[in-house]
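Peer 1: Mind having a look at this structure? Questions to follow.
The numbers here are math on the coordinates, done by the rules we state, and not lab data. Worth saying up front: this structure is predicted, and the values here are computed from it rather than measured. Cβ placement follows ideal geometry from the backbone for every residue including glycine, while neighbour counts extend to all protein chains displayed.
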Amino acid sequence: MVDKLHQFKLMLLIITLPILFSCSSAQLYHDRGIDYTKKGQYDSAISDFTKALEIDPKYADAFGNRGLAFFYIGQFDLAISDFTKALEINPRYTDTYNNRGLAYFYKGQYDQAISDYTKALEINPRYTDTYNNRGLAYFYKGQYDQAISDYTKALEINPRFLDAYTNRGFAYYYKGQHDQAISDYTKALEINPRYAKAYGNRGVSYYSKGRYDQAISDFTKALEINPRDAEVYNIRGITYSDKGQHDQAILDFTKALEINPAYSQALFNRAKAYYSKREYYKSWKDINELQEAGQKIPPEFLNDLRKASGRDK
């Protein structure tokens, strides 16, 4: 629930290295493929890059950029294959190592991603996007200290790198270092005061410290910016419940369900809030809906609800 409040932004870089040969039909296909990629017309882009490669099978940029187009449509194996061919032709393509790392990352192959990011950084030690991306791969491996180190390196090079502050804050959160997390989210908000996810994440850190009023304030700011975020309504509802403000909590859980009717956690949380208000009929109604959907209810809560309501089932 909480871990979905964050938003990681991975950097994809379209390769536009200088062309060292005269304008040819291969280059024209390649350049049109770039235009299609920028427009989100990936199938057309792939077709043009393929035509460029039929004319010039050693066209590294065409392999690299076709790999990007495959990446954008979720064809990660084909993307990796093209990135690898580009690197066989030119093993100094920093962007291609970064992009192949991204494809491995999305396949959950974090060690391979880290290896590629590291190669990119050996070529360009000031590549802030790659430090950020390698930090994400370390994060997903549970290696939070290494992740924090990479985010910190990115920020040493670019102190206004919004994503690095957000990602480092999230790594601190998972280490239980909530003050450091709050500091990083605050810095992110100084750079972009309209960053809803940073408000949401900082609110979660305040909640974890038991500072419920500050958490609610941040969740409210996040919702003012993005009023369609069901998860923030849910976590704000939990915070209200912990404060004993069950009416406000029920309103938030209900709002979350209006946005996402399949949000089972919000429905269960509302059932618990109704239970706390001794509105057992409404609590049972939510529980029955969850059971009909095949959701398992914690036995201890069911037992408590049965005893309090005088029902056997």
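Peer 1: Considering the Cα positions of segment 173-313, please state its Rg to one decimal place and its Dmax as a whole number of Å.
Peer 2: Computed over the Cα atoms of segment 173-313, radius of gyration and Dmax are 16.6, 56 Å.
Peer 1: So how far apart, in nm, are the two label points at residue 307 and residue 157 if each is 7 Å from Cα heading toward Cβ?
Peer 2: Label at residue 307, label at residue 157, 5.9 nm between them.
Peer 1: In nm, give the distance between the simple-model label positions of residue 292 and residue 39, each being 7 Å from the Cα along the Cα-to-Cβ direction.
Peer 2: Those two pseudo-labels are separated by 4.8 nm.
Peer 1: Separate question: Order 231-238, 210-217 from most to least packed using the mean count of other Cβ atoms within 10 Å.
Peer 2: Final packing ranking: 231-238, 210-217.
Peer 1: Which value, in debye to the nearest 20, describes the size of the charge dipole of segment 140-291 about its Cα centre when Lys and Arg Cβ atoms bear +1, Asp and Glu Cβ atoms bear -1, and nothing else is charged?
Peer 2: The dipole of segment 140-291 has a size of about 160 debye.
Peer 1: Based only on Cα atoms, what Rg/Rh ratio does the chain have, Rh being taken as Kirkwood's radius?
Peer 2: Ratio of gyration radius to Kirkwood radius for the chain: 1.11.
Peer 1: Calculate how steeply helix 162-174 sits against the longest principal axis of the alpha-carbon atoms of the chain, using the helix alpha-carbon long axis, and give the answer as 0 to 90 degrees to the nearest 10.
Peer 2: The angle comes out near 50 degrees.
Peer 1: Same structure again: Applying the Karplus parametrisation 6.51 cos²θ - 1.76 cosθ + 1.60 with θ = phi - 60° to the phi angles of segment 44-57, what ³J(HN,Hα) value in whole Hz is obtained for each residue in order, glycine and proline being reported as x?
Peer 2: Once θ is set to phi - 60°, the couplings for segment 44-57 become 5, 4, 4, 4, 5, 5, 5, 5, 4, 6, 5, 7, 9, x Hz.
Peer 1: About the Cα centre of segment 183-252, how large is the charge dipole given +1 on each Lys and Arg Cβ and -1 on each Asp and Glu Cβ? Please answer in debye to the nearest 20.
Peer 2: Taking the Cα centre of segment 183-252 as origin, the dipole is about 180 debye.
Peer 1: Continuing with the same structure: Which ordering of 205, 283 is given by a fewest-first count of other beta-carbon atoms within 10 Å?
Peer 2: By the 10 Å Cβ count, ascending: 283, 205.
Peer 1: In square nanometres, what is the average projected area of the Cα convex hull of segment 15-107?
Peer 2: Result: a mean projected hull area of 5.1 nm².
Peer 1: Ok, one more. Checking the cross-link filter: which aspartates and glutamates have an alpha carbon closer than 16 Å to that of residue 285, excluding same-chain neighbours under 8 positions apart?
Peer 2: Within reach: 304, 312.
Peer 1: At a 10 Å Cβ-Cβ cut-off, how would you order 145, 218, fewest neighbours first?
Peer 2: 145, 218
Peer 1: Can you give me the angle between helix 94-106 and the longest principal axis of the chain, using Cα atoms only, in degrees from 0 to 90, rounded to the nearest 10?
Peer 2: Once rounded, the angle reads 40 degrees.
Peer 1: Of 209/307; 51/153; 38/107; 51/141, which ones are farther than 31 Å apart at the Cα?
Peer 2: The answer is 209/307; 51/153; 51/141.
Peer 1: Between the helical axis of 280-292 and the dominant principal axis of the chain, each derived from Cα atoms, what acute angle in degrees is found, rounded to the nearest 10?
Peer 2: Rounded to the nearest ten degrees, it is 40.
Peer 1: Something else: Could you rank the peptides 109-122, 26-39, 163-176 by their average count of other C-beta atoms within 10 Å per residue, with the highest value first?
Peer 2: 163-176, 109-122, 26-39
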